[in-house]
Amino acid sequence: MRNALCICVVFLCTARFAVTIEPQHADINVVRWLSGSWKGEAFGGTVEEIWSQPAGGTMMGMFRLIDKEKVTFSEFEEIVEQGNLLIFRVKHFTSAFVAGRKRRRVSTSSSCHQPKMKFVLMD
């Protein structure tokens with residue numbers, strides 16, 4: 001009886017992880033918690049970031065770094081749904097609001113609780 005109980009417990013524990021999970025459509029609402037204003041100290045100054053509420057499958061954000069009462073760096077950000085990915089795009093600007101150099105970097109991240117997220121730097 002004890003062996004049968006052990007076998008049942010092992011089966012139930014492993015059966016949970018044996019289920020195949022199909023890719024799901026990305027949902028912008030999993031990052032809804034970002035919306036609002038964020039402020040803190042980093043990079044040698046004060047950082048501020050503002051994110052909109054999700055709408056139309058997208059969220060928009062703005063970031064700025066303030067050092068000695070002047071903006072030294074800023075960026076516009078966007079998170080969009082695309083298939084089973086959330087795409088994060090960012091555009092950097094100098095203190096004179098001049099866009100960064102033309103280059104593109106892409107990386108992908110995922111966790112078991114979040115859909116895959118692709119990061120694209122669009123300088």
- Message: Once R0 is set to 35 Å, what does the formula 1/(1 + (r/R0)^6) return for the Cβ-Cβ distance between LEU34 and THR72, expressed as a FRET efficiency to the nearest 0.05?
- Response: 0.90
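Subtracting the Cα-Cα distance from 0.36 nm times the residue separation, let me have the gained length for ARG89 to GLU41 in nm, one decimal. List each step's numbers first, then the result.
Numbers: separation 48, 0.36 × 48 = 17.28 nm, distance 2.33 nm.
Extra length available between ARG89 and GLU41 comes to 14.9 nm.
Between ALA99 and ILE50, what length in nm is gained on full extension when 0.36 nm per residue of separation is reduced by their alpha carbon distance? Walk me through the numbers on the way to the answer.
Values: separation 49, 0.36 × 49 = 17.64 nm, distance 1.93 nm.
Taking ALA99 through ILE50 to full extension adds about 15.7 nm, to one decimal.
Just so you know, all these numbers are worked out from the coordinates, no wet-lab data involved. These numbers were taken from a predicted model, which means no experiment stands behind them. Ideal geometry is used to build each Cβ from the backbone, glycine not excepted, and the neighbour counts take in all protein chains shown.
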